[in-house]
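The values are calculated or read from the model by the stated rules, or taken from the named source; none is laboratory data. A quick note: this is a predicted structure, and the numbers were derived from the prediction, not measured. So basically every Cβ, Gly included, is an ideal-geometry build from the backbone, and we count neighbours across all protein chains shown.
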Amino acid sequence: MKEHQCIVSDWITKLDEFLVLNEKEILRDRGSVSRRDMEVKVRAELDKYKNRMEEKVLLESTTERVNNKESEP
């Protein structure tokens, strides 16, 4: 396995290249979103994600029960 010393500036360069490749803007300063606004947004997105996962589990459980009933003699 080849070892390569990596420093923070290497990561910054690689990340910037990745963002440019994917046509994303590179943030050059601290930005304008407050910590509080960020936390509100993150919690809202996490709640949406949790709801989708709960719905997925419920759907899979229901589907499994239906399939088991169909396979009974």
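Structure summary
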{"read-out": "Any hit, the stretch 47-61, residues being surrounded by 10 or more Cβ atoms within 10 Å (Cβ to Cβ) and closer than 30 Å to residue 12 by Cα", "value": "yes"}
{"read-out": "Criterion violated by residue 68 - all others in (1) modelled with pLDDT under 90; (2) surrounded by 10 or more Cβ atoms within 10 Å (Cβ to Cβ) satisfied", "value": "(2)"}
{"read-out": "Candidates 29, 10, filtered to the one that is surrounded by 10 or more Cβ atoms within 10 Å (Cβ to Cβ) and either of a type outside the set (Val, Ile, Thr) or over 19 Å from the mean Cα position of the chain (by Cα) (or both)", "value": "10"}
{"read-out": "Selection from the stretch 13-25 of residues that are modelled with pLDDT under 90 and surrounded by 11 or more Cβ atoms within 10 Å (Cβ to Cβ)", "value": "none"}
